[in-house]
1. Six or more apart or on different chains, Cβ under 7 Å: which pairs go from a residue in the range A:34-59 that's open to solvent by 40 Å² or more (accessible area, probe 1.4 Å) to one that's assigned to a loop (DSSP other than H, G, I, E, B)? Could you list them?
2. Is one or more of the residues making up the range A:226-249 within 28 Å of B:Met40 (Cα to Cα), open to solvent by 60 Å² or more (accessible area, probe 1.4 Å), in contact with a Leu (Cβ under 9 Å, 6 or more places away or on another chain) and in the same structural domain as A:Val279 (by TED's automatic domain parsing)?
3. When you scan the range A:75-84, do you find a residue that is open to solvent by less than 30 Å² (accessible area, probe 1.4 Å), more than 22 Å from A:Pro156 (Cα to Cα) and touching a residue at least 60 places away in the same chain (Cβ under 8 Å), even just one?
4. I need the helices (runs of 4 or more DSSP H) fully contained in the range B:1-99, keeping only those with at least 2 residues that are free of Cβ contacts under 8 Å to residues at least 40 places away in the same chain, open to solvent by less than 50 Å² (accessible area, probe 1.4 Å) and under 30 Å from A:Lys2 (Cα atoms).
5. Would you mind stating whether A:Glu37 is out of contact with any Phe, Trp or Tyr (no Cβ under 7 Å at 6 or more places or on another chain) and facing chain B (nearest Cβ under 10 Å)?
6. Please specify each residue of the range B:149-175 satisfying the condition of being at the interface with chain A (Cβ under 10 Å from one of its Cβ atoms) and either out of contact with any helix residue (DSSP H, G or I) (no Cβ under 7 Å at 6 or more places or on another chain) or at pLDDT 80 or above (or both).
7. Could you tell me which of the residues A:Asp122, A:Asp127 is open to solvent by 70 Å² or more (accessible area, probe 1.4 Å) and not in a strand (DSSP E or B)?
8. How many of the residues in the range B:100-109 are more than 8 Å from every other protein chain (Cβ to nearest Cβ) and open to solvent by less than 30 Å² (accessible area, probe 1.4 Å)?
Amino acid sequence: MKEIFKITLSLTCVCIAAALILGAVYTQTEHIRKEQEEKTERQTIQSLLGYGPGKEIPADLNVFSIHRYVINTADAKTMLGYVLPLKDKGHVLAEIELSGKPGKVIPLEGKESEIAERASRDKIVNDALPDGWKAVWAQTLYVANLGDKRLGYVVPGVTQGFKTFIHLMVSLDPDFTVTGIAITESEEDPGLGAEIEQGFFRNQFVGKTQDVLRNLKVVKEPLPDDYFRALEPAKAKRAGMTPEQVREARDKYLKADIYALTGATISSVAVTVGVKDAVRKFVYRIDILNDAIKQDNVQVAF
Amino acid sequence: MNKNIQLLWNGLIPENPIFRLALSLCPAVAVTTSVKNGLMLGLAVVFVQVFSSCTVAIFRSYIHPRIRIPAYVIVIALWVSVIDMILPVISPAVYKEVALFVKLIVVFAIIISRLELFASKQPLIPSFFDGMGMGIGFTFGLCLVGAIRELSGVGQLFGYEVLGGAKPLLVMILPAGGFFVIGFIMATFNWLEYKITGKIPASGGGH
């Protein structure tokens, strides 16, 4: 009997010691980790828009964030709320009913940095809503402008991968043609599913228009060699392909389906479904949002 | 000091975790489709193995023998989590490459087996070298398997074409190839032991 207490006490001590160490490390590293995550996210968005190492970011590139909220009203109705940046600083929350009918436009109080931070933004949005209403953040969309011209959109997406969820981002041009995808978070198996991060897989999505994307499938066929080289800029360079030849090779497969990764069909399908889904929903939503902005005459920044 | 080098050597060849002890074969098959993957996972294991071995060696007299296994698991999980949190702060570039592998480690048999067989009975210094030796041995094993599979499977090494675009045996980078390669290397190790000692080796590692 005495021993069981000793064992319990001993194991408790081990657990407490481990918890204390973990807690200490967490509090010390968390803010740096967060900063880095934000930095990588900014870099991902910039590289999706075509800027990064080797291509200077122009001074008149503006990336605006649109935060989408799901609002539950006091009488158990659901509607959407978009946090939109205004032309003359400040933000508004534009309500849109599920049917697409625009609702009220509520001005939000709070500085730029408070809106950017998720926790403080959640509070601001919920404070602006009537009592008993609840808003939950769903996703953040990005609209990129070059000066006054629309450069494109960056849309996040989530899809069920082989093990856990795959988080990805898709960039679109103003006609909603895919210009690039990036995998932001995944825990697929190294060497198999994790290959979805490789250029030769991701770049297969580049140039897929709305029509192609709608019927896009995954085929279990080996990637043709000329296409493979064209999809990897570094390989194309080494093989002595000129930019024109690369474009030609890519154009040849512009309407082709996605070639699955060897040994990772599930992950390949997951990404394809995720991209299709993210784009389809975004196109639908941005249409409704643009209508609502026009009807309510909101002076948005983008 | 000589004894410590002996311990390092022991982990590298005579008790190589993959080819002699036949432990942690699951990640060894899954991950080794390229040398780079093998190297990354190996480095992550070196860190966790050394830190866990040292921790257990220091506290070995305080850990009640009847709860040693849960205590080891907590120690390993602790170091895996700590590395997972500290590494992105120290070096985001390295973390981006290794992150996937670090999270796999908690369930590796080789680490808990070394804690149980060695670190729980030996003082700090030998435990450190044993952990180091096992980690390096594991890395060596993964790299060797990865090199053979990558070379024969896709004709590359570290992602660079070395066979001029030829891909001799695609099956090698599929899971089945992992079993082939590890099996053949294991057989080679046994054959060498037989040639050197003249005795027929016991099957597996005996653990």
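1. A:Gln46/A:Ile57; A:Ile57/A:Tyr51
2. no
3. There is no residue in the range A:75-84 that is open to solvent by less than 30 Å² (accessible area, probe 1.4 Å), more than 22 Å from A:Pro156 (Cα to Cα) and touching a residue at least 60 places away in the same chain (Cβ under 8 Å).
4. Ranges flagged: B:68-90.
5. Details: out of contact with any Phe, Trp or Tyr (no Cβ under 7 Å at 6 or more places or on another chain): yes; facing chain B (nearest Cβ under 10 Å): yes.
The answer is yes for A:Glu37.
6. Correct list: B:Arg149, B:Glu150, B:Gly153, B:Tyr160, B:Glu161, B:Gly165, B:Leu174, B:Pro175.
7. On the way: A:Asp122 fails: open to solvent by 70 Å² or more (accessible area, probe 1.4 Å).
On inspection, the qualifying residue turns out to be A:Asp127.
8. Number satisfying all stated conditions: 3.
The values are calculated or read from the model by the stated rules, or taken from the named source; none is laboratory data. Treat the numbers as computed from the prediction; the structure is a model and nothing was measured. For neighbour counting, all protein chains shown are included, and Cβ atoms are generated from backbone atoms with ideal geometry for every residue, glycine included. When the accessible area is computed, the model is the full protein with side chains, heavy atoms only, and any ligands, DNA or RNA have been set aside. Shrake-Rupley method; radii C 1.70, N 1.55, O 1.52, S 1.80 Å.
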